[in-house]
Structures are given as C-alpha cells and as structure tokens.
Amino acid sequence: MISVATIAETRKLLEAARGEGKIVGVVPTMGFLHDGHVSLMAAARRECDLVMATIFVNPLQFGPGEDLDAYPRNFDGDAARCEAAGVDVLLAPSVAEMFPRPTLTQVSVPALANLLDGASRPGHFDGVATVVSKLFNISGPCRAYFGEKDWQQLQVITRMAGDLSFPVHVVGCPIIRETDGLAMSSRNVYLDEAHRGAARVLSRSLRAGVDAVASGETEAVAVRELVEEVIRAEPLAELDYVAVVDATMLEMVDKVGSNVRILVAATVGPARLIDNTDACSPGTLMGSST
Ligand code: AMP
C-alpha cells in the first residue's frame, strides 16, 4: 500500500493506473475505520483494479458546536485496516493541502440537502457535496463507494455526480451492523455502556416499522408514528426525526410501497445517531421488534 498526502501525487498515481487500463475504485472516509468502512473497501477490491481509500475529516461538513475537534482519529490503526483490506493507495491529505485558502466555492443540491438531517445540521450536505466534488476532481474517472448508512448523503452525492456529469459511478453499499443491530459508526465510540444499550433502539424502531409494513400496514403516517413511539419509549434517546420518504427524492410519501425508505435520527447521550431501512425489506436489520 502506498500512502500519499498530496493532490498532485494522487493524480499521478491514478492517471498512471488508468493509462494501464485499470479501473479505479475510491472509498472516501473520515477515518476511525470500522467494519462498515472495510465493507466498502472490500466491494471496491472485488470490482476494481486499483483501490484508493481516503481519510479526511472534512471541516466543511461540521457546523458550529459540532464535534470537529473531538472527532475520533487513529491514523496508524486506520492504515493497518486499509492494508489488510487490500487497499492500494491511502490518501490522507492535511486540511492545508485540501483547503490552502478559504474555499469560496460551494456545491449544493438544495432539494435533497435541506431536509431531514440537513434541516437539523444546516450546511452539512453542502460541505459534503463540496468536498466530495473536489475529491472526484482529484480522483478522475472511477467507481466511488459510499454506505447506505448515510442514505441522504448517498442520494445527494449520486444526484450531484449525475447532474454535474462527473466521470464517476457512485456505488451504494449495505449497512453493516453490530450483532445487536446497531449500525456501525465512528461516533459509537462516544457511547458509554448505558447509552450503548439504549442506542439499539434505532434499529429496533426500524424493525418495528418494517414488521408493520410486512403485516399489511400501508399508511406512511401510521408507520412513522409506530417508529416514533418505539424511540420515545427509550428514556436515554432523544428523538430528532422519523421520516417515511421516497428513497431517491426524500419526499414524504402517503403510502408505503417499493422505493420507500424509513429514516431515523436520535441523540443518545453524547452521540447523534442515524439509521435507515428499506420500508419493505429488513435488509441487514437484526432481531425482532419486541
Ligand atoms: P464516514 O467515515 O463516517 O464519513 O463514512 C465513510 C463512508 O463509510 C460513508 O460512505 C459511510 O456511509 C460509510 N459507512 C459508515 N458506516 C457504515 C456502516 N455501518 N455500513 C456501511 N457503510 C458505512
């Protein structure tokens, strides 16, 4: 594995690979890697000839008072994980390399970015779209792997890449969960034992929603209220939102059917957690709703 820290060196390596006819796969991350990130690397490894992982804690996507400074970091551990996952190139640029001067340019997909998590975290998805478009320009033609864990982010990036004709094929990968159903996240490290137990409520609530749909419930509002009820019953969780939406456009739906997604966000102690599922299929959700 080659570690690089500059845009120029990255371009040189990836252009050379494409010159040899290789398909380039890119896995953008903010580091503190877990098995969810590794699953993206594994997918890239299966489908591409050269795999580049990136580690960059992107300041543009953190709002005032959010956890930018506290965000967990472990470069040596991350590099070892990347190497074990078969990554060829690890790009870990400094903030000065990525943003040598304040960026005056912003990429935005307002119709998808200003609702749900974007409503709770104003500017967050503009920061994501801006840094990812920069990364796509650095990478050049490639396949880029993102997790369904961040469903709204995946829709924003997919739409951005299509609307702006980036030569990038965006690939979504399934959510990887702990054995009790909690979606893996770098932020789970913030949870103490009690909060870690309480955090299970997110996947449990989604399971309750999917079970209701499987039992014949078709009213989105009924599904939303049921999921909300499960989260509200957990005293250590503070509900942000439950939404039953069109999976691509993220607009509220009246009826649950195909291409409908249930999204949840809640704060559990020090961690703001998100999760989601296909409304008609439990996917990797574990356990039962009871
Ligand atoms: P992050 O480092 O949190 O910015 O995440 C980097 C990438 O890993 C994003 O595309 C995430 O959606 C993805 N990811 C994070 N957690 C998971 C998970 N539990 N399962 C699958 N993908 C994930």
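Determine the equivalent ellipsoid of region 207-290 by diagonalising the alpha-carbon gyration tensor, then write out the semi-axes as square roots of 5 times the eigenvalues, largest first, rounded to whole Å. Intermediate values should be presented prior to the final figure.
Working: eigenvalues 82, 40, 27 Å².
Equivalent ellipsoid of region 207-290: 20, 14, 12 Å, largest first.
List the GluC sites (Glu not before Pro) within region 47-111 that DSSP assigns to loop and that have no more than 16 neighbouring Cβ atoms inside 10 Å.
Numbers: sites: Glu47, Glu66, Glu83, Glu97; in loops: Glu66.
Sites meeting the loop and neighbour criteria: Glu66.
Among Asp78, Asp69, what is the fewest-to-most ranking by other Cβ atoms within 10 Å?
Values: Asp78 19, Asp69 8.
Ranking Asp78, Asp69 by Cβ neighbours within 10 Å, fewest first, gives Asp69, Asp78.
Any chance you could run the full-extension gain for Asp76 through Asp180? It's 0.36 nm times the residue separation minus the Cα-Cα distance, nm to one decimal. Intermediate values should be presented prior to the final figure.
Numbers: separation 104, 0.36 × 104 = 37.44 nm, distance 2.82 nm.
Result for the pair: 34.6 nm of gain on full extension.
First measure r as the distance between the Cβ atoms of Glu251 and Ala214, then evaluate 1/(1 + (r/R0)^6) with R0 = 25 Å and state the FRET efficiency to the nearest 0.05.
Numbers: r = 23 Å, r/R0 = 0.93.
Given R0 = 25 Å and the Cβ-Cβ separation, E is 0.60.
Counting beta carbons within 10 Å around each of Glu225, Glu193 and listing the fewest first gives the order Glu193, Glu225. Classify region 75-120 as rounded, prolate or oblate, taking a ≥ b ≥ c as the square roots of the eigenvalues of its Cα gyration tensor: rounded when a/c is under 1.5, otherwise prolate if a/b is larger than b/c and oblate if not. Verdict is oblate for region 75-120. In this simple spin-label model, placing a label point 7 Å from the Cα along the Cα-to-Cβ direction at both Leu104 and Ile2 gives a separation of 3.4 nm. Sorted from longest to shortest, the spans of the Cα atoms of region 151-290 along the three principal axes equal 46, 37, 24 Å. Can you tell me how region 26-138 classifies by the Cα gyration tensor, rounded, prolate or oblate, using a/c under 1.5 as the rounded cut? It is prolate, given that a/c is not under 1.5 and a/b is the larger ratio. Amide H contacts under 5 Å for Arg177: Met184, restricted to partners 5 or more places along the chain or on a different chain, H placed in the peptide plane at 1.01 Å from N. Of the residues Phe99, Phe75, Phe136, the one with the fewest other Cβ atoms within 10 Å heads the list, and the complete ranking is Phe75, Phe99, Phe136.
In µm²/s, what is D for region 87-235 at 25 °C and 0.890 mPa s, where D = kT/(6 pi eta Rh) by Stokes-Einstein and Rh is the Kirkwood radius from Cα pairs? If you can, show how the numbers build up before the last one.
On the way: Rh = 18.0 Å.
Roughly 136 µm²/s, to the nearest whole number.
Which three semi-axes in whole Å describe the equivalent ellipsoid of region 76-150, each the square root of 5 times a Cα gyration tensor eigenvalue, listed largest first?
Working: eigenvalues 130, 59, 33 Å².
Output for region 76-150: semi-axes of 26, 17, 13 Å.
Per the Cauchy relation, a quarter of the hull surface: what is the mean projected area of the convex hull of the alpha carbons in region 124-206, in nm²? Display every interim value, and only then the final one.
On the way: hull surface 25.5 nm².
Hull-based average projected area comes out at 6.4 nm².
Can you list, bin by bin at 5 Å, the percent of alpha carbon pairs in the chain, starting at 0? For the chain, the binned pair fractions read 1, 5, 12, 16, 18, 17, 13, 9, 5, 2, 1, 0 percent.
Every number here is computed from the coordinates shown, using simple stated rules; none is lab data. What you see is a predicted model, and the numbers here were worked out from it, not measured in a lab. Methodologically, a virtual Cβ is constructed for each residue, glycine included, from the backbone with ideal geometry; neighbour enumeration extends over all protein chains shown.
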